[in-house]
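*Asks:* Sharing a structure below in structure tokens format, with a few things to ask.
The numbers here are math on the coordinates, done by the rules we state, and not lab data. Remember, it's a predicted structure, so these values are computed and weren't measured experimentally. Positions of Cβ are backbone-derived with ideal geometry, glycine not excepted, and every protein chain shown enters the neighbour counts.
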Amino acid sequence: MWLGYAFLSAALLGCYDVFKKVALRRNDVIPVLFLNTFFCSLIFLVPVLLSQFNVLRSDHLFYVPAEGWHVHRYILLKSCIVLSSWSFGYLGMKHLPLTLVGPINATRPVMVLVGAMLFFGERLNGWQWAGVWLTILSYLLLRRSGKREGIDFRHNRWIFCVVLAALLGAVSGLYDKYLLAPVADGGVGLDRMVVQSYFNFYQCVMMSFACVFFSSRAKLISTLRTSLLPVVLVSVFLSMADLAYFYALSIDGALISVVSMVRRGSVVVSFLIAAYIFHERNLRSKAIDLVLMLLGLACLWIGTK
């Protein structure tokens, strides 16, 4: 069951990437990122309020229990990690083709895998290892596709931003597993809705300060006028993708390394839509990378049976 939710999260995440690219094409990163965190906060404010006023019962899927500082300190750290990852990722996506950014982000599970093996003792079988190596191969081929567009992976600062965002995203994924894992298994045992709701609130507060100090009110108003719908859709698809993701991790037996790998399958959705809408170049070469990634996902699927 947890793998099915991971695939659902991947599909929603692909739509999120597409609308994020649409919003960033005409606007600066800070206003778009602030509005994204703002609308995500509004979405999760609803279950928080309904829970606090006892409209939602404690056994409801979206119930958000009240917690003290001993819990919120963990969530605040997660907010800092995720917001750092998003900031670098948004910068890279604004200046690079989506059909290039997506496959780079898809290498994130390999980083998660190394961390999961080191910190959580997770072990993969032969099929799952095959999926990992196919993903690594697709990244190496992706460098070739980038060179055809005049993008040198070793000297391009936007590539560096995307890679750094992927690295921080891997750290966030490992931290999620730690937060949600039961205390008996070495985790903190936090409620998934508490984590997802409040990390959005903390991010919104931090981005509010960023807007005050690093962006003008005119840019924020311009973003609201020209890209309000894409930004709202960014928040909606991201929130739904994260709901499926956290629910998958909360199910007994879920492997963070596999969930993270499947979640990166979002690149297939974003690639197909970007090819149709943005008319990006070298699609045939990049499609080979995607085929290898799909084979990798197939190996992971077989390995979980």
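*Asks:* Which of the helices in the chain, when you take each full DSSP H run, stretch at least 27 Å along the axis at their Cα atoms and have an average Kyte-Doolittle score of 0.0 or higher?
*Replies:* Once both thresholds are applied, what remains is 2-25, 29-52, 69-95, 126-148, 157-180, 192-214, 217-250, 283-303.
*Asks:* Just from its helices, what would the mean residue ellipticity at 222 nm be for the chain, if runs of 4 or more DSSP H residues each count -39500 (n - 2.57) and the sum is divided by every residue, rounded to the nearest 500 deg cm²/dmol?
*Replies:* -27000 deg cm²/dmol
*Asks:* Which residues does a label at Asn54 reach in segment 171-206, if reach means a backbone N under 11 Å from a point 7 Å past the Cα toward the Cβ?
*Replies:* No residues fall inside that zone.
*Asks:* With labels modelled as points extended 7 Å from the Cα through the Cβ direction, what inter-label distance (nm, one decimal) is found for Met1 paired with Leu167?
*Replies:* So the label points at Met1 and Leu167 sit 3.8 nm apart.
*Asks:* What is the gain in length, in nm to one decimal, between Asp252 and His70 on full extension, counting 0.36 nm per residue of separation less the C-alpha to C-alpha distance?
*Replies:* The span from Asp252 to His70 would gain 63.1 nm if fully extended.
*Asks:* At what distance in nm do the modelled label points of Ile221 and Val46 sit from each other, each positioned 7 Å from its Cα along Cα→Cβ?
*Replies:* Using points 7 Å along Cα→Cβ, the separation is 3.0 nm.
*Asks:* Further, regarding this structure: In the Gaussian network model of the chain, springs joining C-alpha atoms below 10 Å, which of Ser227, Ser260, Ser85 carries the largest mean-square fluctuation?
*Replies:* Maximum fluctuation in the GNM of the chain, among the listed residues, is at Ser227.
*Asks:* For Phe214, project a label point 7 Å along Cα to C-beta. Then give me every residue of segment 77-100 with its amide nitrogen under 18 Å of that point.
*Replies:* Inside the label zone: 77-96.
*Asks:* Based on the mean of other beta carbon atoms within 10 Å per residue, what is the order of 64-73, 155-164, 236-245, most packed first?
*Replies:* Ranked from most to least packed, the peptides come out as 236-245, 155-164, 64-73.
*Asks:* Of Lys177/Lys286; Lys94/Lys286; Lys21/Lys219; Lys20/Lys286, which pairs sit farther than 26 Å apart, going by alpha carbon to alpha carbon?
*Replies:* Those over the limit are Lys177/Lys286.
*Asks:* Specify the residue with the greatest mean-square fluctuation among Leu77, Leu180, Leu24, computed from a Gaussian network of the chain linking alpha-carbon atoms under 10 Å apart.
*Replies:* Judging by the Gaussian network model, the answer is Leu77.
*Asks:* Give the calculated FRET efficiency between Leu118 and Arg26 to the nearest 0.05, with a Förster radius of 35 Å applied to their Cβ-Cβ distance.
*Replies:* FRET efficiency, Leu118 to Arg26: 0.25.
*Asks:* Measuring from centroid to centroid over Cα atoms, what is the spacing of segment 37-113 and segment 1-20 in Å?
*Replies:* 14
*Asks:* Only residues of segment 1-41 count here: report those whose backbone N is under 18 Å from the spot 7 Å along Cα→Cβ of Met206, or say none.
*Replies:* Counting backbone N atoms under 18 Å from the label point, the list is 29-41.
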